[in-house]
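Novice: The structure's right below; bear with me while I get my questions together.
The values are calculated or read from the model by the stated rules, or taken from the named source; none is laboratory data. Predicted, not measured: the structure shown is a model, and the values here were computed from it. So basically every Cβ, Gly included, is an ideal-geometry build from the backbone, and we count neighbours across all protein chains shown. Accessible surface is based on the protein model in full, side chains and every heavy atom, while ligands, DNA and RNA are left aside. Shrake-Rupley method; radii C 1.70, N 1.55, O 1.52, S 1.80 Å.
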Amino acid sequence: MNSIFDIIGPVMIGPSSSHTAGAARLGKMARCIFRSTPKKVDLTLYGSFAKTYKGHGTDRALVGGLLGYKEDDTNIRIAHDLAQKEGMEYTFIESPLDVGHPNVVRFDMYDDHNRHMTVIGRSLGGGQIMITEVDGNDMSITGDEFTLVVFHEDRPSLISQALSESDINIATMRVFRKGKHKDAVMVITTDTVVNPITVQFMRECPGIQDVMTFEAL
């Protein structure tokens, strides 16, 4: 059965669970993946995001999320002013391309040292989101549970063993790879938070390139 929040959306600032609540969560997740507030962001909008982002407050929600605000924070209403105060530059780009979903945004984020990261996500309705790509790597991150994102070589690893020895129960696990024995991404959701010692052990395992952790939004 659906809850009332599945129907009308979460508690939020703005008129639309898809265009404002979902947009704020996408911005916040992109910020988490980037691991800091970006200095500069190009936001490419697709589908209905590109057509209605000003009227539905999607622009303020995306910027507010990038600044770290949740979908129910009143600061979203003044996100443009707050971004200016923090020195975060941003540009909205309206794309005519059909990318297979109506509410899609691409974040091209840069820091003070011109480090660049690309994150692509979609708003699914009711405030729910999904990150579908990070730096060209396919993946699926919803932000609903504690999540580990492991960048690794496509070969056997000690990740599952490390979680088992820490008494961490895996809820879901998916592997996205570019090809056999090439770079791959493992997305793992767990029932409880993984402690920093276990995360650091994972980072030091052979074949592991990086490990990102995300708490539920």
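Novice: Can you tell me which residue in region 38-58 is least open to solvent (accessible area, probe 1.4 Å), limited to those that are at pLDDT 95 or above and not in a strand (DSSP E or B)?
Specialist: Going through region 38-58, the residues at pLDDT 95 or above turn out to be 38-46.
Restricting the remaining residues to those that are not in a strand (DSSP E or B) gives 38-39.
On the way: PRO38: 3, LYS39: 85 Å².
If we take residues in region 38-58 being at pLDDT 95 or above and not in a strand (DSSP E or B), then PRO38 is least open to solvent (accessible area, probe 1.4 Å).
Novice: Among the residues of region 138-151, write down those that are under 15 Å from the mean Cα position of the chain (by Cα) and either of a type in the set (Phe, Trp, Tyr) or in a strand (DSSP E or B) (or both).
Specialist: Of everything in region 138-151, those that are under 15 Å from the mean Cα position of the chain (by Cα) and either of a type in the set (Phe, Trp, Tyr) or in a strand (DSSP E or B) (or both) turn out to be ASP138, MET139, SER140, ILE141, PHE146, THR147, LEU148, VAL149, VAL150.
Novice: Do you know which residues across region 184-217 are part of a strand (DSSP E or B) and hydroxyl-bearing (Ser, Thr, Tyr)?
Specialist: The answer is THR189, THR190, THR213.
Novice: Counting only residues that are of a type in the set (S, T, N, Q) and open to solvent by 10 Å² or more (accessible area, probe 1.4 Å), which one in region 119-137 is farthest from the chain's Cα centre (by Cα)?
Specialist: Applying the filter and picking the extreme gives ASN137.
Novice: If you don't mind, there's one more thing I want to ask. Would you please name the residue that is nearest to LYS70 (Cα to Cα), looking only at residues in region 119-137 that are part of a loop (DSSP other than H, G, I, E, B) and modelled with pLDDT of 90 or more? Explain how you work it out, then say what you get.
Specialist: Taking region 119-137 first, the residues part of a loop (DSSP other than H, G, I, E, B) are 126-127, 135-136.
After this cut, where a residue has to be modelled with pLDDT of 90 or more as well, the list is 135-136.
Details: ASP135: 24, GLY136: 26 Å.
Ranking the qualifying residues of region 119-137, first place goes to ASP135.
Novice: Just name the residue that is most open to solvent (accessible area, probe 1.4 Å) out of those in region 152-165 that are in a helix (DSSP H, G or I) and small (Gly, Ala, Ser).
Specialist: Filtering region 152-165 for residues that are in a helix (DSSP H, G or I) and small (Gly, Ala, Ser), the one most open to solvent (accessible area, probe 1.4 Å) comes out as SER164.
Novice: I'd like the residue in region 60-78 that is open to solvent by 20 Å² or more (accessible area, probe 1.4 Å) and within 19 Å of the chain's Cα centre (by Cα) and, out of all such residues, is nearest to MET109 (Cα to Cα).
Specialist: GLY68
Novice: Next question. Any chance region 166-183 includes a residue that's among the small types (Gly, Ala, Ser) and either assigned to a strand (DSSP E or B) or at pLDDT 95 or above (or both)?
Specialist: Checked against the condition, which is being among the small types (Gly, Ala, Ser) and either assigned to a strand (DSSP E or B) or at pLDDT 95 or above (or both), region 166-183 yields at least one hit.
Novice: Give region 198-209 a look and list any residue that's closer than 22 Å to ASP144 by Cβ and either free of Cβ contacts under 8 Å to residues at least 12 places away in the same chain or exposed (fewer than 12 other Cβ atoms within 10 Å of the Cβ) (or both), or say none.
Specialist: none
Novice: Determine if region 99-109 includes at least one residue that is modelled with pLDDT of 95 or more and open to solvent by 30 Å² or more (accessible area, probe 1.4 Å).
Specialist: There is at least one residue in region 99-109 that is modelled with pLDDT of 95 or more and open to solvent by 30 Å² or more (accessible area, probe 1.4 Å).
Novice: Further question on the same structure: Which condition number in (1) over 21 Å from the mean Cα position of the chain (by Cα); (2) within 30 Å of GLY22 (Cα to Cα) is the one that LEU217 fails?
Specialist: Only one criterion in (1) over 21 Å from the mean Cα position of the chain (by Cα); (2) within 30 Å of GLY22 (Cα to Cα) is unmet by LEU217, namely (1).
Novice: Only one of (1) surrounded by 11 or more Cβ atoms within 10 Å (Cβ to Cβ); (2) in contact with a strand residue (DSSP E or B) (Cβ under 6 Å, 6 or more places away or on another chain); (3) free of Cβ contacts under 8 Å to residues at least 60 places away in the same chain is not met by ASN195, so which one is it?
Specialist: (2)
Novice: Would you mind telling me which numbered condition in (1) loosely packed, with under 15 Cβ neighbours inside 10 Å; (2) touching a strand residue (DSSP E or B) at 6+ places or on another chain (Cβ under 9 Å) VAL149 fails?
Specialist: (1)
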